[in-house]
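Let me begin by handing over the structure; questions about it come next.
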Ligand code: SF4
């Protein structure tokens, strides 16, 4: 079972086609055509989502894996995706899901209430819409988020931020936290490797930071020879510093060869360390390396006294020096984010969760 639900984000064109306004791709559809994301289609003279209620599977992950380092550290997050994507990144690290058609990959129906209940029962503190981009299953994600909030579970969007201006208020109002990819800092990269546009993503980042209450962190996957030059990393970091501010955490993660980009080598740890140093030199306070062992580069430090507030090694918390209000225990300076008196004890585990209707 799975439901087809109407989309609210489309309009009719003079030539009879319907334009989807959910993302900047603005697919223009004739009857029975699907958009590039595959999961939205024109059916009976309206645009619908065809994958409501169906997922590609549920898993308990460490929240650090999203990655979010300033949002309930050490806790488990119940994570799921659906199928399809509205970008076409050649380096996709989840291509088995993002390139899936709904029929060949998706599991049985899970209602928003079932997912919220599973999160509570499994001890997760949040639910993440991840693995593929939740923008394309907005109606399902928003309903799941409402059920989660009702049950005291927080919500996390892991997204490329490629969303239309009309749809983003509803989407981000439902999200307590977001990790948004900033895949590179050149429009050429977005056009050549993702068939997207840089400006649309920068606009979403500014919107989330300045016009919503959603906690924001950013991830840039560094790909050798494509987006890892010192000049580009510096330009990206300066933009984050200037347009979003020093307190937005920035994660540099390591590329590994995948999907249609298997000819590139993995990003060496030294590239991530160099990027982190460049970003910190621009004034950004919370810059992290990811997908490598680098305790120094993955830990959080007090901006006032330099105390190591949260030690991390990959997804494991190794030190904790925050008080119950998220302030440094040594000097009292606040650390931005959502913290409790102690970190969660989930660790680096990953555990599948079965949610299925009878
Ligand atoms: S959400 Fe899908 S159908 Fe709509 S514009 Fe984007 S890619 Fe096209």
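The values are calculated or read from the model by the stated rules, or taken from the named source; none is laboratory data. All values derive from a computational prediction rather than experimental measurement. Glycine also receives a Cβ, built like all others from the backbone with ideal geometry; neighbour counts cover every protein chain displayed.
On the given criteria, is residue 32 more than 16 Å from the ligand (Cβ to nearest atom) and surrounded by fewer than 22 Cβ atoms within 10 Å (Cβ to Cβ)? Don't jump to the end; show me each part of the working.
Numbers: more than 16 Å from the ligand (Cβ to nearest atom): no; surrounded by fewer than 22 Cβ atoms within 10 Å (Cβ to Cβ): yes.
Here the answer is no, as residue 32 does not meet what is asked.
Filter segment 119-164 down to the residues that are within 13 Å of the ligand (Cβ to nearest atom) and without any contact (Cβ under 8 Å) to a residue 40 or more places away in the chain and list them by number.
Within segment 119-164, 141, 159 qualify.
Residue 40 - would you say it is at pLDDT 95 or above, within 16 Å of the ligand (Cβ to nearest atom), surrounded by fewer than 21 Cβ atoms within 10 Å (Cβ to Cβ) and over 22 Å from residue 216 (Cα atoms)?
no
Okay, next question. Could you figure out which of (1) over 21 Å from residue 95 (Cα atoms); (2) surrounded by 15 or more Cβ atoms within 10 Å (Cβ to Cβ) isn't true of residue 56?
Only one criterion in (1) over 21 Å from residue 95 (Cα atoms); (2) surrounded by 15 or more Cβ atoms within 10 Å (Cβ to Cβ) is unmet by residue 56, namely (1).
Within segment 56-69, restricting attention to residues that are part of a loop (DSSP other than H, G, I, E, B) and over 14 Å from the mean Cα position of the chain (by Cα), which residue is farthest from the ligand (Cβ to nearest atom)?
So the residue we want is 57.
Which of (1) surrounded by 23 or more Cβ atoms within 10 Å (Cβ to Cβ); (2) modelled with pLDDT under 95; (3) touching a strand residue (DSSP E or B) at 6+ places or on another chain (Cβ under 9 Å) does residue 130 not meet, given it meets every other one?
Checking residue 130 against (1) surrounded by 23 or more Cβ atoms within 10 Å (Cβ to Cβ); (2) modelled with pLDDT under 95; (3) touching a strand residue (DSSP E or B) at 6+ places or on another chain (Cβ under 9 Å), the one that fails is (1).
Based on this model, can you work out whether residue 4 counts as more than 20 Å from the chain's Cα centre (by Cα), surrounded by fewer than 16 Cβ atoms within 10 Å (Cβ to Cβ), within 16 Å of the ligand (Cβ to nearest atom) and under 30 Å from residue 354 (Cα atoms)?
Spelling it out, residue 4 is indeed more than 20 Å from the chain's Cα centre (by Cα), surrounded by fewer than 16 Cβ atoms within 10 Å (Cβ to Cβ), within 16 Å of the ligand (Cβ to nearest atom) and under 30 Å from residue 354 (Cα atoms).
Continuing with this model, one more query. Would you confirm, using the coordinates I've provided, whether residue 217 is within 15 Å of the chain's Cα centre (by Cα) and either outside any helix (DSSP H, G or I) or buried (at least 17 other Cβ atoms within 10 Å of the Cβ) (or both)?
So residue 217 passes the test.
Only one of these is within 14 Å of the ligand (Cβ to nearest atom), buried (at least 16 other Cβ atoms within 10 Å of the Cβ), in a strand (DSSP E or B) and modelled with pLDDT of 95 or more: 49, 22. Name it.
Working: 22 fails: in a strand (DSSP E or B).
Only one candidate passes the filter, namely 49.
Which of the residues belonging to segment 171-203 are farther than 22 Å from residue 233 by Cβ, within 16 Å of the ligand (Cβ to nearest atom) and in contact (Cβ under 8 Å) with a residue 60 or more places away in the chain?
Result: 195, single match.
Here is a further query. Of everything in segment 248-264, what is under 22 Å from residue 63 (Cβ atoms) and in a strand (DSSP E or B)? Give them in sequence order.
Those that are under 22 Å from residue 63 (Cβ atoms) and in a strand (DSSP E or B): 250, 251, 252, 253, 254.
Also, I was wondering about something else. Going by the conditions given, is residue 300 within 22 Å of the chain's Cα centre (by Cα), farther than 27 Å from residue 203 by Cα, in contact (Cβ under 8 Å) with a residue 12 or more places away in the chain and surrounded by 17 or more Cβ atoms within 10 Å (Cβ to Cβ)?
Yes.
Return the only residue of 355, 278 being more than 20 Å from the chain's Cα centre (by Cα) and modelled with pLDDT of 95 or more.
The unique qualifying residue is 278.
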